[in-house]
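> This is the structure I want to talk about, given as structure tokens.
The values are calculated or read from the model by the stated rules, or taken from the named source; none is laboratory data. What you are looking at is a predicted structure, and each value in this text was computed from that prediction instead of being measured. Using ideal geometry, Cβ is built from the backbone for each residue, glycine included, and neighbour counts are taken over all protein chains shown. Surface accessibility is based on the protein's heavy atoms, side chains included, excluding ligands, DNA and RNA. Shrake-Rupley method; radii C 1.70, N 1.55, O 1.52, S 1.80 Å.
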Amino acid sequence: MHLLRKVPIALTALLMLAPIIAVVLAPLHTPAPEWDFVRSALLPGHLIETARLVLVSALLAIVLGSSTAWLVTSARFPGRDLFRWALMLPLALPTYIGSITFAALLGPTGSLSRMLRSSTGIGIDILTPDGLAITFGLLLYPYVYLPARAVFSNGMSDLLEAARTLGASPARRARRVAFPMARPAIAGGALLVAMEALNDYGAVQYYGVHTLTAGLFKAWGGLYDTGSALRIAGILLLIVLVLAWGEERSRGRASRTSTSPPLRPARLHGWRALTASIWCTLVLGIAFVLPFGTLVIDTVQVAGTTVWSELTGPLLNTLKLAGGSALLTLLIALLFAFAQRNGQARLVKLTSIGYAVPGAVIAMGVMGLAGTFADRTQWILIGTVPLVMYAFAVRFLAMATNPLNAGLATQPRTLDDSARLLGASRIRTFLHINLPLLRPSLVAASAIVLIEVMKELPLTLILRPFGMDTLSTHVFYMARIEQWREAAPPALLIVLCSLLPVLLLERWLQPGRK
């Protein structure tokens, strides 16, 4: 590729990596006057509660996700066809919305808690660290369910049949053959659960759990010490990299699946079929139907009040941020897709790390960059919409580039070669041949980025302009002042929008679809 094309691509890739680099180099460029206090008094407790939250939520997600995935792939029972796709639906509930809804039901003053206390005398209070970990496990288990289901469905039938002929029971075949083979997929899903738990701020703030993300906000908004906040962000980044490294090592040592035909589910009868149906019903009912139904009921109850007029500003702000961020992200993703199509992939691939990094970490890195830029040029970027859009592009770039690269992979290289033989340049070939064929991938990437921006809370809280509310921040503030029903309409709107990519994902994962 010509040097004039390589330089802009390399500079853009470095710009996407700059916030993460700023966090890594924070001790060299940003003083932290309160760091001694943060390190001794705040950090140890926050590290312990973070580890506890991540471990418990990941373990629960593994149990729920892997068990339901095995049932819907290995067995036929009443409701199985419904559960196969419906068990994905908790993905549409952002963790802070789902957790706050559970708190409204099962907190010390929650509606279900009061009902249970009045009828049985038993009190329930989910507003504890373990309670939050349980809600995270319930809301995030689809991250384990989806990859486990994909592995269980393909390539295991020969080995499982061999185990059956050797006299292994169904439970033993699952324990000794299926689950060990699915271990890399399960570990990858658990890693995503851990990253989502690390990224959350709305739920941990409401539940009063002292995680590193909460500590970052305390250092930044409470102690007014950006340097200490950047150092906590660096610790979060290190934890994410260690988790990713451990998952990669586990994946490298694990056995590969065979190329045998897809698994044929066996029909269950009697109590076994009933047990499978009840288990899947309980998981889906508690994880999705209960919180989603609560949002719908609360939204109906506030219909006709002034709540809807108060949503106009947050809704318009959300659409503005989401639309601008999606456009910027897609333009950068197209540039990187062009680079990878034409052999410049090394630095570009590194930019995909953004989605693995918690939003609060990226926000602090962007703030550090903007502060340095302001000191040297007198241009103030902090608190502006373009800076927020840039941060969103860094955060969600991988979610735009992956569909584009997948779409390009389906286009034969002979199309490019034919255009080049006719005298077209690489850029003209990409614009007139590759890009028109990428329209479905562009639509998918746009929808994903739009909805992820709508859901993102920590990054928006840190970088949004003063007085600018979005749907996510509106839900957060309404919940903080105990206005449950007033928070339901914007929360339900976010969930309904989030259902779109979830249902599209299930449609794409259907057997026979490419």
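> How large is ³J(HN,Hα) for each residue in the stretch 383-400, as worked out from phi by the Karplus curve 6.51 cos²θ - 1.76 cosθ + 1.60 (θ = phi - 60°), to whole Hz, x for Gly and Pro?
x, 10, 5, x, 5, 5, 5, 4, 5, 5, 4, 4, 5, 10, 4, 4, 6, 8
> With a ≥ b ≥ c the root eigenvalues of the C-alpha gyration tensor of the chain, is it rounded (a/c under 1.5), prolate (a/b larger than b/c) or oblate?
oblate
> Solvent-accessible area per residue for the chain at a 1.4 Å probe radius, Å²?
With the other protein chains kept in place, the chain gives 46 Å² per residue.
> Contour minus end-to-end for Ala150 and Arg264, with contour as 0.36 nm per residue of separation and end-to-end as the Cα-Cα distance?
Between Ala150 and Arg264, full extension yields 39.7 nm more.
> Would you pull out the residues with amide H under 5 Å of Ala75's amide H, same chain only if 5 or more places away, H placed 1.01 Å from N?
Sorted by chain and number, the residues that satisfy this are Ala266.
> Could I ask something else about it? 222 nm [θ] for the chain, helices only, -39500 (n - 2.57) per DSSP H run of 4+, per residue, to 500?
Calculated mean residue ellipticity at 222 nm is -22500 deg cm²/dmol.
> So, in nm, how far is label Val300 from label Thr128 when the simple model puts each one 7 Å beyond its Cα toward the Cβ?
Each label point is offset 7 Å from its Cα along the Cβ direction, giving 3.4 nm.
> With a ≥ b ≥ c taken as the square roots of the eigenvalues of the C-alpha gyration tensor of the stretch 23-70, please select rounded if a/c is under 1.5 and otherwise prolate if a/b is larger than b/c or oblate if it is not?
oblate
> Only Cα pairs under 8 Å and at least 6 apart count here; give the relative contact order of the stretch 46-164 as a rounded whole percent.
About 43 percent, as a whole number.
> Another question, if that's okay. Based on the Cβ-Cβ distance of Val24 and Val385, what FRET efficiency does E = 1/(1 + (r/R0)^6) give at R0 = 25 Å, to the nearest 0.05?
0.40
> A follow-up question, please. So, in Å, what gap is there between the alpha-carbon centers of the stretch 52-95 and the stretch 406-448?
So the separation of the two Cα centres works out to 37 Å.
> Set the Förster distance to 35 Å, then compute FRET efficiency between Trp279 and Lys349 from the Cβ-Cβ distance, nearest 0.05.
Efficiency, from the Cβ-Cβ distance: 0.30.
> With 28 Å as the cut-off, how large is the P(r) tail for the stretch 7-149, expressed as percent of Cα-Cα pairs?
That tail contains 49 percent of the Cα-Cα pairs.
> A follow-up question, please. How many Å³ per residue does the convex hull of the Cα positions in the stretch 282-438 occupy?
Normalising the Cα hull of the stretch 282-438 by residue number yields 195 Å³.
> Measure off, as a whole percent, the carbon and sulfur share of the 1.4 Å-probe accessible area of the chain, all protein chains present.
C and S atoms contribute 66 percent here.
> Can you run phi through the Karplus equation (6.51, -1.76, 1.60; θ = phi - 60°) for the stretch 203-215 and list ³J(HN,Hα) in whole Hz, with x for Gly and Pro?
After applying 6.51 cos²θ - 1.76 cosθ + 1.60, I find 6, 5, 5, 5, 7, x, 8, 8, 8, 5, 5, 5, x Hz.
> Please turn the phi angles of the stretch 84-99 into ³J(HN,Hα) values with the Karplus equation 6.51 cos²θ - 1.76 cosθ + 1.60 (θ = phi - 60°), one per residue in order, whole Hz, x for glycine and proline.
Ordered by residue, 3J(HN,Hα) equals 4, 9, 5, 5, 7, 4, x, 4, 6, 9, x, 4, 6, 6, x, 5 Hz.
> Assuming R0 = 41 Å, can you tell me the calculated FRET efficiency for the pair Ala374 and Leu437, based on Cβ-Cβ distance, to the nearest 0.05?
Given R0 = 41 Å and the Cβ-Cβ separation, E is 0.45.
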